[in-house]
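I have placed the structure first, in the form of structure tokens, so that the comments after it can refer back to it.
Every read-out reported here was derived from the displayed coordinates using simple, explicitly stated rules and does not represent laboratory data. In this text, all values refer to a predicted model and were calculated from it rather than measured experimentally. Ideal geometry is used to build each Cβ from the backbone, glycine not excepted, and the neighbour counts take in all protein chains shown.
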Amino acid sequence: MRSLLFIPGDSPKKLDKGLGSGADALLLDLEDSISPQRKAEARATTVAFL
């Protein structure tokens, strides 16, 4: 594996953009890059993306 791309799970735009990035793996972050108020939204957005 050559590249990993960490993507915050609260942004559908960033998630979609990650698919075209050419990264070998996308790591969807639901904790560190998400504010506490947006964690539930980020989980729902990530599930819909997957």
Could you grab the pairs with beta carbons closer than 6 Å, sequence gap of 6+ or different chains, first residue in segment 3-21 and without any contact (Cβ under 8 Å) to a residue 60 or more places away in the chain, second one basic (K, R)? I7/K14; D10/R38
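State yes or no: is R38 on the phi < 0 side of the Ramachandran plot, touching an Asp or Glu at 6+ places or on another chain (Cβ under 7 Å) and part of a helix (DSSP H, G or I)? Talk me through it step by step, then tell me what you get.
Values: on the phi < 0 side of the Ramachandran plot: yes; touching an Asp or Glu at 6+ places or on another chain (Cβ under 7 Å): yes; part of a helix (DSSP H, G or I): yes.
Considered against the rule, which asks whether it is on the phi < 0 side of the Ramachandran plot, touching an Asp or Glu at 6+ places or on another chain (Cβ under 7 Å) and part of a helix (DSSP H, G or I), R38 comes out as yes.
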Search segment 1-35 for residues being of a type in the set (D, E, K, R) and in a helix (DSSP H, G or I), and hand back the single one that is surrounded by the most Cβ atoms within 10 Å (Cβ to Cβ). K14
For segment 41-50, which residues satisfy the criterion of being surrounded by 14 or more Cβ atoms within 10 Å (Cβ to Cβ) and assigned to a loop (DSSP other than H, G, I, E, B)? none
